[in-house]
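Structure first, commentary second.
The values are calculated or read from the model by the stated rules, or taken from the named source; none is laboratory data. The model shown is predicted, which means the values in this text are computed figures rather than measured ones. Note: ideal-geometry Cβ built from the backbone for every residue, glycine included; neighbour counts use all protein chains shown. To get the accessible areas, we keep the full protein, side chains included, count just its heavy atoms, and leave off ligands, DNA and RNA. Shrake-Rupley method; radii C 1.70, N 1.55, O 1.52, S 1.80 Å.
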Amino acid sequence: MWWRDAVVYQVYLRSFADADGDGVGDLDGLRTRLDYLTALGVDGIWLNPCYPSPGADHGYDVADYTGIDTRYGGLPAFDRLLADAHARGLKVFMDLVPNHCSVEHPWFRAALAGDPAARERFIFRPDRDGDPPNNWLSVFGGPAWTRVGDAWYLHSFDPAQPDFNWRNPEVAAYFEDVLRFWFDRGVDGFRIDVVHMLFKHADLPDWPHHPEYNILAQNQPEVHEVLRRWRKLADARERTLVGEIWVPTVGDLALYLRPDELQQAFYFDLLVCPWDAARFRDSIDRGLEQVVSTGAVITWTLANHDVHRAVSRYGLVSRTGGPDTRPRGTVDVELGVRRARAAAMLVLALPGSVYLYQGEEAGLPEVMDLPDEARQDPTWFRSGRTEHGRDGCRVPLPWTAAGPSFGFSASAETWLPQPEWFGAFAIEEQMSRPESTWSLHRDALRMRPGFEGPLEWLPTGREDVLAFRRGDMVCVTVFGGEPYPVEHGTPVLASAEASAGAVAPGSTAWFRR
Ligand code: GLC
């Protein structure tokens, strides 16, 4: 089971590399950089959705589940990518979006045209004296309902993303066909979007406790039956399913990881953890308990296309607002890079699998200062331009220090503008510098297999220092500002230089005993 300790690289395709010069990343752009990924040393990639889509939520509004958007190169480009990735031993995961589709999906068009069978595949409810059928809110802001004629349809996200009615067996059958289609084409697995949201409370009652997490709109027991069927499909072909699941407790998460459900689910608890030794240890411990209860492994991640980049979360020195995953305020980039390097090494030493979001290997900061007129995230519009949203972690990657769009595209016009300072983080330039954040990731990926077996915490005598061993490897992280002298064996790799026999402040070091 290759995935149990795999490192999977998340490709936000629009922003990875552009081959055809239109300023938007594409599959051929990715394919011509597969050697980059093997040089970094990852085991596979997860591709954000690249199906035909009007792009209201950049691909998370799917119009055709068995096609590839021609702007990304269409199915032929996808097949070329799959073949070239497999030739290099890289696995390829797609992104399955089963909670909702696009308003352009043929089923929803038929529903709007009045076809009763098509309407049953979505969640339409009558008007309540001019009000929506209940008081639920959309994740992107505003009501979760949009009116068409004398009825309303439910959309947990943007109005352009109508929710499917998972209580209709036609919907379930459809997604099983979709899985089979891509598995037959050679796809190695799926990241599954907002798995916990497929089912809502059958009666759709009002949620009385606004604005807290609406338990009526998600995490309903019926979802587990669906996952059991998907797992059978995956197991029959040795494929892997990893869930995106935001639920309140690790116990809730563990239910999705029972032996006949998903193999993996992102452990977001650590992603939202502030830079604090005790909080990190507590989060890791709670994650490890989950493993004990299900036999699954933990799927660690410190960043993705929905949250602020790790550098900017860990480097935040004063906070002015924003949600926990996307705090705003003043960022000390140097401090953030230092801590993000330490956090990456800590996570790469833990038991389980790690997902690495593109650009994190180069210590890329969040672009906090995108011009308002450039913003595209529906969150920005649905919140009345108060919540800035997720565009800042989706800015096209800088590959070179100069040139149009820093080597991302032949065009200087990229779909989100790159800031001037991006060149300082150029990936190709970092590849030739042994002390760069990129080189640290490559070295850590090479040495990570040295960590074997269960984690055992070691006493450190300091509240701001965490140390653990796995087999004969030891990982020490200093969260605070003072160096930490160690007696843990031969130094193997360090995220910051220290004087002999010490681990530097705000850094992680690996030792072999
Ligand atoms: C998930 C995706 C996010 C998307 C949302 C709706 O949270 O990660 O990018 O906007 O689902 O599909």
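If you keep only loop residues by DSSP, which trypsin sites (Lys or Arg not before Pro) in the stretch 232-314 have at most 16 other Cβ atoms within 10 Å of their Cβ?
Answer in residue order: Arg237.
Suppose every Lys and Arg Cβ carries +1 and every Asp and Glu Cβ carries -1, with no other charges. What dipole size does the chain come out with about its Cα centre, to the nearest 20 debye?
960
For the chain, with the dipole built from +1 on Lys and Arg beta-carbon atoms and -1 on Asp and Glu ones, taken about the Cα centre, which of Val492, Leu271, Val331 lies farthest toward the positive end?
With unit charges placed on the Cβ atoms, the residue in question is Val492.
Might you tell me the accessible area per residue for the chain, computed with a 1.4 Å probe and given in Å²?
Counting only protein heavy atoms, the per-residue value for the chain is 37 Å².
Once label points are set 7 Å from the Cα along Cα→Cβ at both Arg228 and Phe381, what is their separation, rounded to one decimal in nm?
A separation of 4.2 nm, rounded to one decimal place.
What FRET efficiency would be calculated for the residue pair Asp131, Ala374, taking the C-beta separation as r and a Förster radius of 35 Å, to the nearest 0.05?
Computed FRET efficiency for Asp131 and Ala374 comes out at 0.50.
Using only the Cα atoms of the stretch 451-512, build the gyration tensor, take square roots of its eigenvalues as a ≥ b ≥ c, and label the shape rounded, prolate or oblate: rounded if a/c is under 1.5, else prolate if a/b is larger than b/c, else oblate.
Because a/c hits 1.5 or more and a/b fails to exceed b/c, the stretch 451-512 counts as oblate.
Mind checking which of Gly55, Leu13, Leu445 is farthest towards the positive end of the chain's charge dipole, using Cβ charges of +1 (Lys, Arg) and -1 (Asp, Glu) about the Cα centre?
Selected residue: Leu445.
Looking at the stretch 1-159 from every direction and averaging, what is the projected area of its Cα convex hull in nm²?
Mean projected area of the Cα convex hull: 11.7 nm².
Suppose every K and R has +1 on its Cβ and every D and E has -1 on its Cβ; what is the size of the dipole of the stretch 451-512 about the Cα centre, in Debye to the nearest 20?
100
Using DSSP to define loop residues, name the GluC sites (Glu not before Pro) in the stretch 441-497 whose beta-carbon has at most 16 other beta-carbon atoms within 10 Å.
Counting only loop positions with at most 16 other Cβ atoms within 10 Å, the GluC sites (Glu not before Pro) in the stretch 441-497 are Glu452, Glu463, Glu487, Glu497.
Using only the alpha-carbon atoms, how far is helix 437-447 inclined from the longest principal axis of the chain? Give it as 0 to 90 degrees, nearest 10.
Computed tilt is about 80 degrees.
Compute the angle between helix 169-185 and the longest alpha-carbon principal axis of the chain, please, reported from 0 to 90 degrees and rounded to the nearest 10.
Roughly 50 degrees, rounded to the nearest 10.
Going by Cα centres, the stretch 458-503 and the stretch 204-276 are how many Å apart?
Rounded to whole Å, the Cα centres lie 35 Å apart.
7 Å from Cα along Cα→Cβ at both Glu420 and Asp235: what's the point-to-point distance in nm?
Each label point lies 7 Å from its Cα, and together they span 5.9 nm.
If I fit a long axis through the Cα atoms of helix 333-349 and take the longest principal axis of the Cα atoms of the chain, what angle between them do I get, 0 to 90°, rounded to 10?
For 333-349 against the chain, the angle is about 90 degrees.
Taking the dipole about the Cα centre of the chain, with the C-beta of Lys and Arg at +1 and of Asp and Glu at -1, give me whichever of Trp300, Ile192, Leu27 is farthest to the positive side.
Of the candidates, Trp300 comes out farthest on the positive side.
Trypsin sites (Lys or Arg not before Pro) within the stretch 39-118: which are DSSP loop residues with at most 12 other Cβ atoms inside 10 Å?
Arg88
Between the stretch 309-384 and the stretch 22-78, what is the C-alpha centre distance in whole Å?
First find each Cα centre; the distance between them is then 23 Å.
By the gyration tensor of its Cα atoms, with a ≥ b ≥ c the square roots of the eigenvalues, what is the shape of the stretch 322-451: rounded for a/c under 1.5, prolate for a/b over b/c, or oblate?
In terms of gyration-tensor shape, oblate.
Please compute the net charge surrounding Arg191, taking Lys and Arg as +1 and Asp and Glu as -1 over other residues with Cβ under 9 Å from its Cβ.
-3
Helix-only estimate, please: 222 nm mean residue ellipticity of the chain, summing -39500 (n - 2.57) across DSSP H runs of length 4 or more and dividing by its residues, to the nearest 500.
-7500 deg cm²/dmol
With each label point set 7 Å from Cα along the Cα-Cβ vector, what nm distance links Thr249 and His201?
Here the answer is 1.9 nm between the modelled labels.
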